[in-house]
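Report on the following structure.
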Amino acid sequence: MPRPPVVPDELLRAYLARLGVDGAPPSTSALVALHRAHQTAISHESTWIHLGDAWDTDPLAAIARFVRAGRGGYCYHLNGAFASLLRTLGYDVTMHLGAVHGPDGPTTGLGNHMVVQVANLEDETNPGGRWHVDVGLGEGLLDPIPLVEGSCRQEPIGYELVRAPENSPDGHGDWHLRIDHPHCNVEFVAFGSAPVPIDAFAAHHFEQSHAATSLFVSMLLAHRRDTTGVDSLIGLVLARIESDRTQQVLDDRTDWFAALADVFGVSLSDVDESRRDALWRKTLTAHEAWANP
């Protein structure tokens with residue numbers, strides 16, 4: 001069965017320190033603590049695409065960026081790294097093809113998203129012992145949820161997990177997660193049951209990070225989930241989603257970089273001033289084109 005790589009000891013210690021948690025043995029409470037710490041500490045962000053950085057899907061390289069440069073990434077980096085962390089700590093963990101999609105389903109098949117599953121971790125709330133894990137969706141789960149049909153609420157967002165119908169088209173996944181909040185951009189996530197290796201995401205990652213049709217390419221994005229809501233940055237628009245949505249346009253360079261650092265923990269301390277200037281100009285130009293079509 002394909003598994004994520006094991007994290008070397010020194011990198012593991014730095015990763016746990018970045019999350020502010022210890023390496024407790026596998027348990028439901030430890031999994032919840034790890035998941036929540038990851039969501040609140042490491043942002044879902046695409047600054048690297050707009051800086052022209054060529055990141056691959058190697059989980060260990062992603063972890064090194066988390067701990068040495070304070071960077072984040074998107075689903076392949078965040079969930080791939082988290083899966084490696086869980087495996088290293090002794091969890092029975094696998095990676096799975098997923099798709100963020102609209103109401104008509106994942107019309108281009110699975111792969112534009114990665115999800116993670118943990119097995120053999122039973123408790124009184126989940127006697128089957130399988131968990132749906134996802135730290136790679138900006139507006140997604142704060143805590144893992146049992147991989148069973150049902151609804152739950154992690155304020156301010158509701159989630160409903162259902163099995164796909166038996167006659168569901170190929171490529172539409174075995175499970176569907178519906179995200180219930182009027183101001184979330186992501187509404188549906190489908191995913192399959194078959195474990196896959198990290199290499200299964202390589203072509204999808206290339207498309208997501210290079211294609212002009214990719215949202216990650218067309219607009220700089222950053223998200224961070226916390227215990228009361230979600231902060232998001234789309235271009236120059238900084239928003240906060242709780243029961244409602246508030247937003248402001250950060251059209252001042254200093255304010256924009258300060259928000260990246262203070263709200264999302266992305267200081268870009270590893271980026272020199274000329275590249276920061278280029279990033280600002282590119283983001284400002286994209287915002288102006290969006291605001292004045």
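List every residue whose amide H lies under 5 Å from the amide H of LEU147, counting only residues 5 or more places away in sequence or on a different chain, with H placed 1.01 Å from N in the peptide plane.
Sorted by chain and number, the residues that satisfy this are ARG130, TRP131, HIS132.
Using label points projected 7 Å from each Cα along Cα→Cβ, tell me how many nm separate ALA258 and ALA24, to one decimal.
3.8 nm
If you fit an axis through the alpha-carbon atoms of helix 28-41 and take the longest principal axis of the Cα set of the chain, what angle between them do you get, 0 to 90°, nearest 10?
Approximately 10 degrees, to the nearest ten.
Taking the Cβ of each residue in LEU19, LEU85 as the centre, tally the other Cβ atoms inside 10 Å and list the residues starting with the fewest. Please report the intermediate quantities before stating the final value.
Details: LEU19 22, LEU85 26.
Ordered by Cβ neighbours within 10 Å, fewest first: LEU19, LEU85.
Give the residues of the range 80-105 whose amide nitrogen is closer than 19 Å to a point set 7 Å from the Cα of ARG130 in the direction of its Cβ.
Residues 83, 87, 91-99 fall inside that zone.
For ALA278, what charge total do you get from the other residues with a beta carbon under 14 Å from its beta carbon, if Lys and Arg give +1 and Asp and Glu give -1?
Here the count lands on +1.
What is the Cα centroid distance between the range 186-208 and the range 1-47, reported in whole angstrom?
That distance is 20 Å.
With label points built 7 Å along Cα→Cβ from the Cα atoms of MET1 and ARG13, find their separation and express it in nm.
Label at MET1, label at ARG13, 3.1 nm between them.
Note the angle between two axes, namely the Cα long axis of helix 273-291 and the longest principal axis of the Cα atoms of the chain, as a number of degrees from 0 to 90, rounded to the nearest 10.
Computed tilt is about 80 degrees.
Only counting other Cβ atoms within 10 Å, I'd like VAL162, VAL116, VAL21, VAL230 sorted with the fewest neighbours first.
VAL162, VAL21, VAL230, VAL116
Once amide H atoms are placed 1.01 Å from N in the peptide plane, what residues at a sequence separation of 5 or more from GLY111, or on another chain, have their amide H within under 5 Å of its amide H?
Counting only residues 5 or more places away or on other chains, the set is GLY98, ALA99.
Does the range 50-144 classify as rounded, prolate or oblate by the C-alpha gyration tensor (a ≥ b ≥ c root eigenvalues; a/c under 1.5 gives rounded; else a/b over b/c gives prolate, otherwise oblate)? Working shown, then result.
Values: a/c = 2.19, a/b = 1.20, b/c = 1.82.
Oblate is the answer for the range 50-144, as a/c is 1.5 or above yet b/c matches or exceeds a/b.
Report the paramagnetic label zone for ALA289: residues of the range 208-232 whose backbone N is under 17 Å from a point 7 Å from Cα along the Cα-to-Cβ axis.
209-221
Sorted from fewest to most neighbouring beta carbons within 10 Å, what does the list HIS132, HIS44 look like?
Details: HIS132 21, HIS44 25.
Ordered by Cβ neighbours within 10 Å, fewest first: HIS132, HIS44.
Roughly what angle does helix 75-88 make with the longest principal axis of the chain, taking Cα atoms, 0 to 90 degrees, to the nearest 10?
It is inclined by approximately 40 degrees.
Simple spin-label model, 7 Å along Cα-to-Cβ: SER193 to CYS152 in nm?
Result for the modelled spin labels: 2.0 nm.
Quick one: net charge around VAL32, please, counting Lys, Arg +1 and Asp, Glu -1 for every other residue with C-beta under 12 Å from its C-beta.
In short, -1.
So what's the gap between the Cα centers of the range 108-161 and the range 240-293, to the nearest angstrom?
Centre-to-centre (Cα) distance: 30 Å.
State the dimensionless ratio Rg/Rh of the range 180-261 (Rg: radius of gyration of Cα atoms; Rh: Kirkwood radius).
Rg/Rh: 1.04.
Apply 1/(1 + (r/R0)^6) to the Cβ-Cβ distance of SER267 and ARG178, taking R0 = 41 Å, and write down the FRET efficiency to the nearest 0.05.
0.70
Specify the residue with the greatest mean-square fluctuation among GLU139, GLU149, GLU242, computed from a Gaussian network of the chain linking alpha-carbon atoms under 10 Å apart.
GLU149
Rank by packing, highest mean first: peptides 279-289, 29-39, 105-115, with packing defined as the count of other Cβ atoms within 10 Å averaged across residues.
Per-residue Cβ counts within 10 Å, averaged per peptide and sorted highest first, yield 105-115, 29-39, 279-289.
Compute the normalised compactness of the chain: alpha-carbon radius of gyration over 2.2 N^0.38 Å, N being the residue count. Please list the in-between numbers first.
Values: Rg = 18.3 Å, N = 293, 2.2 N^0.38 = 19.0 Å.
For the chain, the normalised Cα radius of gyration is 0.96.
Once you have the alpha carbon radius of gyration of the range 227-293, what is it after dividing by 2.2 N^0.38 Å, with N set to its residue count?
Against the empirical 2.2 N^0.38 Å value, I get 1.18 for the range 227-293.
Every read-out reported here was derived from the displayed coordinates using simple, explicitly stated rules and does not represent laboratory data. Please read all numbers here as calculations on a predicted model, not as lab measurements. When we count neighbours, we look across all protein chains shown, and the Cβ atoms used for this are built from the backbone with ideal geometry, even at glycine.
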